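Computed from the coordinates by the stated procedures, all read-outs in this text should not be read as laboratory data. Just so you know, these numbers come straight off a predicted model, no measurement behind them. With ideal geometry, Cβ positions are generated from the backbone for all residues, glycine too; neighbour counts draw on all protein chains shown.
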Amino acid sequence: MTKGYRMEQKADRILMAGELLLPDVPSFLEEIEGILKQKNSTSLEINLTDLKKVDSAGALALTHIEEESRKRSLVVAWKGMNDDVRKVLNLIDRQALNLPPLHEIEKRVSFFEATGDLCVKIAHDFYTILTFVGELLVSIPYCLLHPRSLRWGDILVNMRRTGADALPIVGLLSLLIGLIMAFMSSLQLRQLGANIYVASLVGIAIVKELGPMMTAIIVAGRSGSSFAAEIGTMIVNEEVDALTTMGFHPIRFLAIPKIIATSIVVPLLTLYAMMFGILGGLIVGIIGLDITLTTYLKESFRGVELWDVITSLLKAFTFAILIAGIGCHRGFQVVGGAEAVGEATTSAVVTSIFLIIAADAAYAVLLHYLG
Amino acid sequence: MVEEVIVVENLQAAYGENVILSDVSFQVKRGEIFAIVGGSGCGKSTLLKYLIGLMRPHVGRIIVEGVDMATADDETINAHRKRFGVLFQSGGLIGSMTLAENIALPLKEVKKIPPFFLAQLIRAKLSMVNLAGYENHYPAELSGGMRKRAGLARAMALDPAILFFDEPTAGLDPVTAREIYDLISTINKGMETTMVIVTHDLELIFRLAHEVILLHSEEKGIIAYGTPKQLAEFEADRRVMNFFQRKSP
């Protein structure tokens, strides 16, 4: 690539010509550095008579010559600078170039500092979640006592989004999980001639654990994240402030309809997931293991009691409240712009999944002691 | 001879079947400040999208610095866009990057810039918009006016031949708005940058613009075209009078 400028050194004079623009600045800086290094005298004349044009990077490069010369105790004299070059050079505020930044970029923190920060963050998170739960505990009875204060239309819309719209994915994933479980367990049980137990294994696993858990994880990924993003974006766009100034309680207005809708549809989705999970096992049982339809279903329900279904629905209800609550809470925590909304969405999903598994473990212990 | 850097001929701007502007023609000369004005919904911002190549004309022609925006391929338009700078209404800064990183984005196109010079160049750009020292700040830490100025610093990073502004003073207080006027004027005079400004700020038009077009939503096109002085004295059309004689600074 040809350079736009020409530079010629004659004793203590540098003659410049052409155009000094940003793409040529790196090579110009290299050249000038070489010239300055070799200089032994105390003065330097830079003749710009034939320099037709500079851009701001070119002008900055010229000021850089002055700066470097000063460091080497060289006196620079500019000659023949035309008005066009001068106008651009005047745009460079030389004093501002050497001011320190108003604040430094955050440096890497030590392990202990990072651990301390994390502990404080977790404690603060716990505190804000407790505050949010407190607000919910006040808001939910209020809404139950004043049903007209609830936005029923919004509840129905959220039921459709969280429930009806999730039917295909919940159905498909549950079917595949049932299918995989039946297939993998049959590989082992077949060796013992215990194919028939595939049905009860799939039935118990799907009804007691996987049905509620898988449904909750899918809903957390689909709807929990969407609640966080929706409320977070509303915060960024000052819509929540607008609601507050109009006298609406943001939690009652935005969070309660979502929580009610989710707590209604997640148990229903769980029942639906159980059905499809058992259907997945049934397909493997009939096609791969030569078990009849009635035998498979009889075996499936032999290990599952009504109490198991009730406790699973209760779990699903708990998961639903956790998913919707965390999604809304993370949304309300948003401060800043698009990046904060993204963080809230991720955090909503991660926290929900963690709490779902923690709640499931708690239920396992509790149900064990309840017999 | 005065060189025309933007030529728009019989442009029809539309969103699908919905025609916003039709038969729009004008020229922007090198080094001038050209204002596109009009009431809300008249198609100002849509026209800007056509000029910067975010939308392609199906009817009419737009030639920007010799490139026909209707027929040029995407690669040509992308390369050509490096000659533009655009200041979006809210600044258009990337929220996850500091101001220095935002300004460095277009500069990274130029290879081999030494890091110390890149830092100096960023500082110089920020000082041009009176934000020297703010390089480590994130956009969320700045006020609306500062964000706009930082957006302008990024738009100017590559010293573009043409700067496009979408409502540069909308939502700003009068003092900050005047700072923006001064900046626009300084850059225009200092770098001889051609500027196209979409606005309905009368003070900006009368202070800075060399030529103005007034768009009207009912006409779906230009109803007045001339210097601000000519339009301020235009009495043949009440709509033009209503717009320009609201206040004459």
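Considering every residue in B:78-86, what mean count of other chain Cβ atoms within 10 Å of its Cβ is obtained?
0
Under the definition of partner shielding as Cβ atoms of other protein chains within 10 Å of a residue Cβ, what is the mean value for peptide A:82-89?
2
Where Rh is the Kirkwood radius over the Cα pairs of chain B, the temperature 37 °C and the viscosity 0.692 mPa s, what D in µm²/s does Stokes-Einstein return?
Using the Kirkwood radius from Cα pairs, D works out to 175 µm²/s.
Divide by every residue of chain A the summed helix terms, -39500 (n - 2.57) for each DSSP H run of at least 4, and state the resulting mean residue ellipticity at 222 nm, rounded to the nearest 500 deg cm²/dmol.
-22500 deg cm²/dmol
Per residue of the stretch B:152-157, what does 6.51 cos²θ - 1.76 cosθ + 1.60 with θ = phi - 60° give for ³J(HN,Hα)? Whole Hz please, x for Gly and Pro, Karplus curve as stated.
5, 4, 5, 4, 8, 3
Could you calculate the FRET efficiency of A:His368 with B:Ser45 from 1/(1 + (r/R0)^6), where r is the beta carbon distance between them and R0 is 60 Å, rounded to 0.05?
Once the sixth-power term is evaluated, E becomes 0.40.
Can you list residues from other chains, or at least 5 along the same chain, whose modelled amide H is less than 5 Å from the amide H of B:Ile6?
When sequence neighbours closer than 5 places are left aside, the close amide H contacts are B:Val28, B:Glu65.
Which of rounded, prolate or oblate describes the stretch B:75-120 when judged by the alpha-carbon gyration tensor and an a/c cut-off of 1.5?
It comes out oblate by the Cα gyration axes.
In the protein assembly as shown, what % of DSSP beta bridges are antiparallel (nearest 5)?
If we restrict to bridges inside the protein assembly as shown, about 45 percent are antiparallel.
Under 5 Å between amide H atoms, partner at least 5 residues away or on a different chain: which partners does B:Gly221 have, H built in plane at 1.01 Å?
B:Ser22, B:His216
Among the listed pairs A:Lys37/B:Lys82; A:Lys79/B:Lys111; A:Lys53/B:Lys125, which are separated by more than 27 Å between their Cα atoms?
Check vs 27 Å cut-off fails for A:Lys37/B:Lys82; A:Lys79/B:Lys111.
Could you list which residues have their amide H under 5 Å from that of A:Ile46, counting only those 5 or more apart in sequence or on another chain, with H placed in the peptide plane?
A:Ile14, A:Ala77, A:Trp78, A:Lys79
In nm, give the distance between the simple-model label positions of B:Glu109 and B:Glu203, each being 7 Å from the Cα along the Cα-to-Cβ direction.
It works out to 3.4 nm between the two label points.
Hey, with R₀ at 45 Å, roughly what FRET efficiency would A:Asp93 and B:Val7 work out to, going by the Cβ-Cβ distance, to 0.05?
0.80
I'd like the per residue volume of the convex hull spanned by the Cα atoms of the stretch B:138-241, given in cubic angstrom.
121
Once you wrap a convex hull around the alpha carbon atoms of the protein assembly as shown, what is its projected area averaged over all directions, in nm²?
The directionally averaged projection comes out at 41.6 nm².
Using θ = phi - 60° and the Karplus relation 6.51 cos²θ - 1.76 cosθ + 1.60, list the HN-Hα couplings for the stretch A:190-196 in order, rounded to whole Hz, with x at every Gly or Pro.
After applying 6.51 cos²θ - 1.76 cosθ + 1.60, I find 4, 5, 9, x, 10, 3, 4 Hz.
For chain B, what is the mean residue ellipticity at 222 nm derived from helices alone (per DSSP H run of n ≥ 4: -39500 (n - 2.57); sum divided by total residues; nearest 500 deg cm²/dmol)?
-10500 deg cm²/dmol
I'd like the mean, over residues of A:359-366, of how many other protein chain beta carbons sit within 10 Å of each residue's own Cβ.
Counting other chains' Cβ atoms within 10 Å and averaging over A:359-366 gives 0.
Excluding same-chain residues fewer than 8 positions from A:Lys315, which lysines have a Cα within less than 23 Å of its Cα?
Answer for A:Lys315, where 23 Å is the Cα cut-off: A:Lys208, A:Lys258, listed by chain and number.
Using only the Cα atoms, what convex hull volume per residue in Å³ does the stretch B:1-131 have?
166
In Å, the Kirkwood hydrodynamic radius of chain A over pairs of distinct alpha carbons?
It works out to 26.8 Å.
With a cut-off of 8 Å between alpha carbons and a minimum separation of six or more residues, what is the relative contact order of chain A in percent?
17
Would you kindly compute the Cα radius of gyration of the stretch B:1-76 and its largest Cα-Cα separation (Dmax), both in Å?
12.4, 40
What shape does the stretch A:198-342 take by its C-alpha gyration tensor, where a ≥ b ≥ c are the square roots of the eigenvalues and a/c under 1.5 counts as rounded, a/b above b/c as prolate, and the rest as oblate?
It is prolate, given that a/c is not under 1.5 and a/b is the larger ratio.
So what are the radius of gyration and Dmax for the Cα set of the stretch B:91-159, in Å?
Every Cα atom of the stretch B:91-159 included, Rg and Dmax give 10.9, 34 Å.
So, R0 is 22 Å and r is the distance between the beta-carbons of A:Leu187 and A:Phe301; what FRET efficiency does that work out to, to 0.05?
0.40
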